[in-house]
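Engineer: Okay, here's the structure, questions in a sec.
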Amino acid sequence: MTNSQRRAPSDLFVSDSSSLHEVTEQEFAKYKWRMLLATMFCYLFFYTGRQTFGFAIPGIQAELGLSKSTLGAISGAMLWCYAVGQIVNGNLADKFGGRRVMALGCCPSLWMRMSASLAVMMGGL
């Protein structure tokens, strides 16, 4: 897309309910910040879900008596599941839209993180 073909933010349209309306520069800035914050919030929960296993390994090893090779195999399986999930979720985002797929993934992720935290806090896990 060349510079002459690009639209100014005031030329953009947003769908509200069933109609389209022109977006002012102020509204565009508001939408831009809202999407940035939503993306950052979702990424925080996705990232913490992936990274917390490494910090939990010493406690898991002590409590369950698992060997380092077993924990390494579990960590490798989690990595491969994540890689496959990236491919599947990328295709789903292309088909249904990134916003829907992100929301669909963020809500269960948030719920699982909160459930695990509360369970540990209350002595469940």
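Engineer: Under unit Cβ charges (Lys, Arg +1; Asp, Glu -1), what dipole magnitude, rounded to 20 debye, does the range 39-121 have relative to its Cα centre? Don't jump to the answer; show the numbers that get you there.
Structural biologist: Details: 6 positive and 2 negative charges, 41 e Å.
Dipole of the range 39-121, to the nearest 20 debye: 200 debye.
Engineer: What translational diffusion coefficient, to the nearest whole µm²/s, does the range 14-105 have by Stokes-Einstein, given a Kirkwood radius computed over alpha-carbon pairs, a temperature of 37 °C and 0.692 mPa s viscosity?
Structural biologist: 198
Engineer: Which ³J(HN,Hα) values, rounded to whole Hz and listed in residue order, are derived for the range 40-46 from phi using the Karplus coefficients 6.51, -1.76 and 1.60 in 6.51 cos²θ - 1.76 cosθ + 1.60 with θ = phi - 60°, glycine and proline given as x?
Structural biologist: 5, 5, 5, 4, 4, 6, 5
Engineer: Related question: Take 120, 101 and order them by how many other Cβ atoms sit within 10 Å, fewest up front.
Structural biologist: Ascending Cβ contact count within 10 Å gives the list 120, 101.
Engineer: May I ask which residue of 109, 81, 42 lies farthest towards the positive end of the charge dipole of the range 39-121, with charges of +1 (Lys, Arg) and -1 (Asp, Glu) on Cβ and the Cα centre as origin?
Structural biologist: Value: 42.
Readers should treat all values here as calculations from the given coordinates under stated rules, not as data from a laboratory. Predicted model only: the values in this text are computed from it and were never measured. Every residue, glycine among them, receives a Cβ derived from its backbone with ideal geometry; neighbour counts consider all protein chains shown.
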